[in-house]
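Read the structure below first, then the notes.
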Amino acid sequence: MLARLSAVACLICSMFCSNVSLGRQTTDQATNEMIAKIKEEGLERSQVMDTVSHLTDVYGPRLTGSPITKSAGEWTRKKLSDWGLENSHLEPWGPFGRGWTLETFTANMVEPSFSSVIGYPKAWSPSTPKTIRGEPILLDVSKAEDFEKYRGKLLRAIVMISPPREVKALFEPPATRQTDESLLALANAEPGSRRVRRPGGTSAPGGASGPSGGPANAASPPQAGTSGSGTGGGGSDGRSSLMLQSDKWQFAYSEGAAVVLEPGRGDGGTVFVGSVTLPRRPENANRNPNDATGGRSARSSPWSPEATEVIPQVVLSVEHYNRLARMLQKGAHPILEIDIGCRYYSEDLNSFNIIAEIPGTDLKDEIVMLGAHFDSWHAGTGATDNAIGCAVAMEAVRILKTIGAQPRRTIRIGLWTGEEQGLLGSKAYVAEHFGRMVPSSSADEARGRNTDSGAENQRAERARPKYELKAEHEKLSAYFNLDNGAGKIRGIYLQGNDAVRSTFREWLGPFAEMGASTVTQSNTGGTDHLSFDGVGLPGFQFIQDPLEYDTRTHHSSMDVYERVQADDAKQASIIMATFVYQTAMLKDKLPRKPLGGDVVTPATEAAEVPAAVAAPATTATTP
């Protein structure tokens, strides 16, 4: 009898295990079939480069707050809707501040001979009241006493703020790809190490050696308060180059200069341009840590309607700047004519994010997000930073919609403005939908002060981060971001979340032949996944080949359509679509890192904050 029972039990166990194995096999087969469809659609019928062209050639550049950025947003919203996504809309956030556009600009040397000068006004520069004509003054200052020889001479003058910068020949190519050595260094990175951008734009974690590459000319670090101009080192009186440059800017402001010129980072006619340099912020300026500017004072952001008056500012190509400097040093007396025409827009101080969805099925209340920042700087058309990221994310959802994917969770795309000014759009979205880190004063009010505790305990309590979380915080499985240029995906940064390592490694398996296989514990920053990671949500950025990102295109006049590589864009779209789909189909949400802080509830908020703010650190499972 016992033998018969044992036989029956073995038969049942065998049938159960067979069914489980068959179920798993069926699931794996369905996933593989879906990946094959994603690859086919993404390689044979890609629309990613057409999207890049629209966002750059037609709707570039996309400086936050400018009218063309709003037009680009409306085009994108309609395109996502035309592809079949639902709830496609522009979601406002703000206030951001005033917009700005450049309407006209000319810079010419007219004596002793005529020559056009390559240059770009900095964002939020004011117009010149008329064409400014005159011999520029090179501000040759290395110590405090040197300022005296220029006092009273800069009023309504064209001022060259920096010394000429040495330009070396390009003995290494400006474009590079990740090598086996650099990818191995990333794979072996210690937990919590940070990616370091190397001179050629290649990446290595925590100072690990990677390939050099790219011209040093383009890698010269920008000085504080400028848009990448060199300063020629520190002052002869011991002050740092940053402090000396700041003093020179303040002197130009106090003396009433008409226009300030500075040499651009890069060479060969490529000019890297950002926003204007403001005068020093008053010591008593008030800050609001809860506003969309991230706690800056009203006067410390040039896009603020209350910003202090600014001098017109132009970044010149280094070769043309250097020529003018040498002519002045040789007594050749060059005469320049500069005319800048700009417009500010203050009618609507809010900006927007672009949101659209592929609705889920049985887990439709849960969300998987992908995205990229939508805004750019203004000297180029914002192709590699970051029309490519937007186009890849858009192509990913287009692929999934076209092949008839039925995700369990809702897939939501988010394209953010205000990234270049401090991740403002994604931070505003996360705060509105998921939660935020609470400034210490607000947290103290929310929790109430414990007057019985000792001063040391109070200090320790205030040092621990505090968060206000919303109900949607528990609904998000992950956010995937693309914003490191136009290079193809080579892997993914875990952002300190080792619990997803094996899952991500498995998902990269089908793409090893496309060059994507690296999973790294190294963190990377500077883009919108940090807004999610900052409140304990899984936020990830992909590892990419650098190509010419740091050496030629990032924030430069050469950030244009031609610098995007079609094959790389197709590969990135396929991988992003697959990661989003895989996340949407899991049985459980992706595991989270511990929040590392306390959850507080504002006195005005009646809704309960979920007690569990971090899922157990277990490997995600398939259905």
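A few remarks follow.
- Phi angles across the range 523-537 convert, under the Karplus curve 6.51 cos²θ - 1.76 cosθ + 1.60 with θ = phi - 60°, into 3J(HN,Hα) values of 8, 9, x, x, 8, 6, 4, 5, 5, 7, 4, x, 10, x, 9 Hz, Gly and Pro given as x.
- The range 75-199 shape via C-alpha gyration tensor axes, a/c threshold 1.5: oblate
- The range 132-168 versus the range 579-598: alpha-carbon centroid distance in Å: 55 Å
- Counting only heavy atoms of the protein chains and using a 1.4 Å probe, residue 475 has close to 80 Å² of accessible surface.
- Residues of type aspartates and glutamates that residue 470 reaches as a straight line, Cα spacing below 13 Å, ignoring anything fewer than 8 places off in the same chain: 432, 605, 608
- Cα-based shape type of the range 459-589, given that a ≥ b ≥ c are square roots of the gyration tensor eigenvalues and the cut on a/c is 1.5: oblate
- Here's the list of lysines a cross-link from residue 143 could span, going by alpha-carbon distance under 30 Å and ignoring same-chain residues fewer than 8 apart: 122, 153, 168, 248, 330.
- Full-stretch length increase - residue 361, residue 181 - with 0.36 nm per residue and alpha-carbon distance subtracted: 60.5 nm
- Accessible area in the full protein assembly, largest first, 1.4 Å probe, for 59, 344, 321, 581: 344, 59, 581, 321
- Residues whose placed amide H lies under 5 Å from that of residue 119, excluding near-sequence neighbours: 317
- Cα-projected label distance for residue 464 with residue 86, points at 7 Å along beta-carbon direction, nm: 4.2 nm
- Each Cα pair under 8 Å and six or more residues apart adds its separation to the average, and for the range 83-162 the resulting relative contact order is 22 percent.
- Residue 505 contributes about 110 Å² of solvent-accessible surface, heavy atoms of the protein only, 1.4 Å probe.
- Residue 105 accessible area, assembled protein chains, probe 1.4 Å, Å²: 50 Å²
- Mean Cα-pair separation over length for the range 19-173, i.e. relative contact order, pairs under 8 Å, 6 or more apart, %: 12 percent
- Shape category assigned to the range 78-127 from the gyration tensor of Cα positions, a/c cut at 1.5: oblate
- Whichever lysines have a C-alpha closer than 16 Å to that of residue 70, once near sequence neighbours (fewer than 8 apart) are set aside: 78, 79
The values are calculated or read from the model by the stated rules, or taken from the named source; none is laboratory data. Just so it is clear, the structure is predicted and the values come from calculations on it, not from any experiment. All Cβ positions, glycine included, derive from the backbone under ideal geometry; neighbour counts span all protein chains shown. Keep in mind that these areas ignore ligands, DNA and RNA; they rest on the heavy atoms of the full protein, side chains included. Shrake-Rupley method; radii C 1.70, N 1.55, O 1.52, S 1.80 Å.
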